[in-house]
Amino acid sequence: VYMALTKNKEVLEFVNTCAELTQPDKIIWIDGSANQIKQLKSEAVKSGELIKLNEHLLPDCYLHRTAVNDVARVEDRTFICTANKEDAGNVNFWLDPKLAYHLASEIARASMKGRTMYVIPFSMGVVGSEFSKIGIEITDSIYVVLNMNIMTRVGKSCLDRLGKTGSFTKCFHAKCNVDADKRYILHFPEDNTIISVNSAYGGNVLLGKKCLALRIASYLGKNEGWLAEHMLILGVTFPDGEKKYIAAAFPSACGKTNLAMLIPPKSYLERGYKIECVGDDIAWIRVGEDGRLWAVNPENGFFGVAPGTNERSNFNALQATKRGTIFTNVALNTDDMTVWWEGLSEHCPPNMLDWTGKPYDGSGTAAHPNSRFTAPAVNCPCVSPDFNSETGVPLSAIIFGGRRATTTPLVYQAKSWEHGVFIGSAMSSETTAAASGQTGVLRHDPMAMKPFAGYHMGDYFAHWIEIGKQLKKPPEIFNVNWFRQDADGKFIWPGFGDNMRVIEWILKRCGDNPIGAEETPIGFVPKPDDINIEDMNLSVDALKEILSVDKDKWIKEAEEIEKYYAETIGSRIPDELYACLEELKRNCKNKKEG
Ligand code: OXD
Ligand code: MN
């Protein structure tokens, strides 16, 4: 017996069906009140699911440890379940929907016996905005409730918004026994449904994030004429007060949170430049009535990678974690009940428990390489005043980027929208700890959406081409690579705040009077003089080196792209992209002969 917070029949049916299947002892509807959240936190501390941190130094902050087998997204256990296998595409794993529902039901059956089932009504985007989407997440994890409460807008207002008949994404999560062999992250785009079993790691279980706001939303976006992208959104204020916005796609753990919150170098601050953060991971993008692209961040918090975050690398993110934050799989300083991770300070303090809870003896890392903070966006000192804007912000530029030790220059610009889509489609990056599997392996990750496109990648490219046709003022499209290495394997470009120098060039290439650039076989590259390296520890030669385009390498790159198109993505790739590929090959050859 419980108090339902809604009269919406579909919601009630969903909740009842889940309860009948999983047989929880109790059902609690999350109303979003501060009181209820407080109660859940103290319950989680009692059960050991959360460890309360130093109230003075880190007010309202907690540490959570996952099972050791459950520390990252599991891409090989993540499925798109469409009626026709072809519609999921070759990049996604596919399961027959009937089979998938059956499999998940058998795994989840009676799994909440002796547990509480929570019903979380949540909104991706501002509650009530016509661009927002409502979801209902069922879960047996307090950790999920408390994280969703940071990452999304949660509570009764979402149900009120639905009313009696509104439709929503059905999100079901059961942690079961966290059995890695029975872990499934299932998406049913045609039914607007998500099922996640046997995990309790953020990316697999905070179903509003990757599952709804990217995989399901990308599918909805294709049908409804908009884009759901793995992109940060940042605003740049110029010394004269003008403001421009950029969205940027990078694979997981390649610095999206750092770029979104960057603090410009001193000389830029003195001239009056300012960066503000609209989002650090996801952008929902629409064509505005003015023929420009407009972007909103559907999330309400940051689920950021902890290692490497410090005062210098990302002061703003660190500040955001100082209150109301849940840390996952970081190390615990038992002297003062604060947290630590590699890179937070140069030396590891004594008396640490590692991320598994064992005394840290200096072997391995103290924090897991994919340890995270879940922090409310309002905590961030540079959060944009447009953060809650319903229309979002107009985009002047779109940036693609990845980790590439060689080949890809610091920055280059596409010649057209179609060419920009081609550049995004051809992205590759070295893998990171955000997903399980080997790190440092070069893999294709088109538009940083390889793990997140909820439908056929070829159709996804075609949708991008289609959107471009509707634009009167398309944003300029760029590719950046902060990760070029020298012969000794050291990064040449310092990155972080100095990336502002590249942002400055990018924005000078947008608008009505762009500055000049050098045309190369792959697109426009800055004239070395046009990248400001004043007060920087970088020689002109080093800058020239990372701006250089090696035609032999690009001939190989083009062959690699062609192979990827043919062998991995397969059919449905729009002709426009093949035309760009042919042009790239031609350019590399011509310039070589010439
Ligand atoms: C993330 C990811 O958590 O991309 O944002 O893995
Ligand atoms: Mn991400």
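The values are calculated or read from the model by the stated rules, or taken from the named source; none is laboratory data. These numbers were taken from a predicted model, which means no experiment stands behind them. Every residue, glycine among them, receives a Cβ derived from its backbone with ideal geometry; neighbour counts consider all protein chains shown. Accessible surface areas use protein heavy atoms only, side chains included; no ligands, DNA or RNA. Shrake-Rupley method; radii C 1.70, N 1.55, O 1.52, S 1.80 Å.
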Checklist line | Filter result (open to solvent by less than 30 Å² (accessible area, probe 1.4 Å) and part of a loop (DSSP other than H, G, I, E, B)) within the stretch 33-63 | finding: LEU50, LEU53, LEU58, PRO59, CYS61
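Conditions tested, residue by residue: (1) closer than 29 Å to ASN35 by Cα; (2) of a type outside the set (A, V, I, L, M, F, W, C); (3) in contact with a Cys (Cβ under 7 Å, 6 or more places away or on another chain).
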position	(1), (2), (3)
SER129	yes, yes, no
GLY135	yes, yes, yes
ILE150	yes, no, no
LYS164	yes, yes, no
HIS173	yes, yes, no
ASN177	no, yes, no
Item checked: Number of the exception - ILE246 against (1) of a type in the set (A, V, I, L, M, F, W, C); (2) within 16 Å of ligand 2 (Cβ to nearest atom); (3) in contact (Cβ under 8 Å) with a residue 40 or more places away in the chain -> (2)
Check: Restricting attention to the stretch 363-370, does a residue exist that is under 20 Å from the mean Cα position of the chain (by Cα) and either open to solvent by less than 30 Å² (accessible area, probe 1.4 Å) or free of Cβ contacts under 8 Å to residues at least 24 places away in the same chain (or both)?
Finding: yes
Note to self: I'm trying to understand the selection: among the residues of the stretch 379-402, which are under 30 Å from LEU332 (Cβ atoms) and under 18 Å from the mean Cα position of the chain (by Cα)?
What the structure shows: CYS380, VAL383
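Per-residue answers, yes or no, for (1) modelled with pLDDT of 95 or more; (2) of a type in the set (Ser, Thr, Tyr); (3) more than 16 Å from ligand 2 (Cβ to nearest atom); (4) under 26 Å from ASN223 (Cβ atoms):
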site	(1), (2), (3), (4)
LEU234	yes, no, no, no
GLU276	yes, no, yes, no
ASP281	yes, no, no, yes
ARG292	yes, no, yes, yes
VAL296	yes, no, yes, yes
GLY301	yes, no, no, no
ALA306	yes, no, no, no
THR309	yes, yes, no, no
GLN319	yes, no, yes, no
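Do we find a residue being at positive phi and without any contact (Cβ under 8 Å) to a residue 60 or more places away in the chain anywhere in the stretch 171-192?
yes
Which of the strands (runs of 3 or more DSSP E) contained wholly in the stretch 170-233 include at least 1 residues that are open to solvent by less than 10 Å² (accessible area, probe 1.4 Å) and more than 25 Å from TYR245 (Cβ to Cβ)?
It comes to 184-188, 193-197.
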Check: Which ones in the stretch 390-417 are β-branched (Val, Ile, Thr), within 22 Å of TRP493 (Cα to Cα) and open to solvent by 20 Å² or more (accessible area, probe 1.4 Å)?
Finding: THR406
Check: Would you pick out the residues in the stretch 102-133 that are surrounded by fewer than 24 Cβ atoms within 10 Å (Cβ to Cβ), part of a strand (DSSP E or B) and under 22 Å from the mean Cα position of the chain (by Cα)?
Finding: LYS133
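Can you pull out the residues in the stretch 79-100 that are free of Cβ contacts under 8 Å to residues at least 60 places away in the same chain and of a type outside the set (A, V, I, L, M, F, W, C)?
ASN84, LYS85, ASP96, LYS98
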Margin query: Take GLY304 and tell me if it is within 16 Å of ligand 1 (Cβ to nearest atom) and open to solvent by 10 Å² or more (accessible area, probe 1.4 Å).
Written below: no
Notebook entry, point to check: Which residues, counting only those in the stretch 529-567, are in contact with a helix residue (DSSP H, G or I) (Cβ under 9 Å, 6 or more places away or on another chain), surrounded by 15 or more Cβ atoms within 10 Å (Cβ to Cβ) and assigned to a helix (DSSP H, G or I)?
Noted result: ASP530, LEU543, LEU547, LYS551, TRP554, ILE555, GLU557, ALA558, ILE561, GLU562, TYR564, TYR565
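Residue by residue, here is whether (1) more than 16 Å from ligand 1 (Cβ to nearest atom); (2) open to solvent by 10 Å² or more (accessible area, probe 1.4 Å); (3) within 16 Å of ALA247 (Cα to Cα) holds:
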{"residue": "GLY424", "(1), (2), (3)": "yes, no, yes"}
{"residue": "ALA433", "(1), (2), (3)": "no, yes, no"}
{"residue": "ILE465", "(1), (2), (3)": "yes, no, no"}
{"residue": "PRO475", "(1), (2), (3)": "yes, no, yes"}
{"residue": "PHE478", "(1), (2), (3)": "yes, no, yes"}
Check: Would you call ASN90 under 26 Å from the mean Cα position of the chain (by Cα), open to solvent by 30 Å² or more (accessible area, probe 1.4 Å) and modelled with pLDDT under 95?
Finding: yes
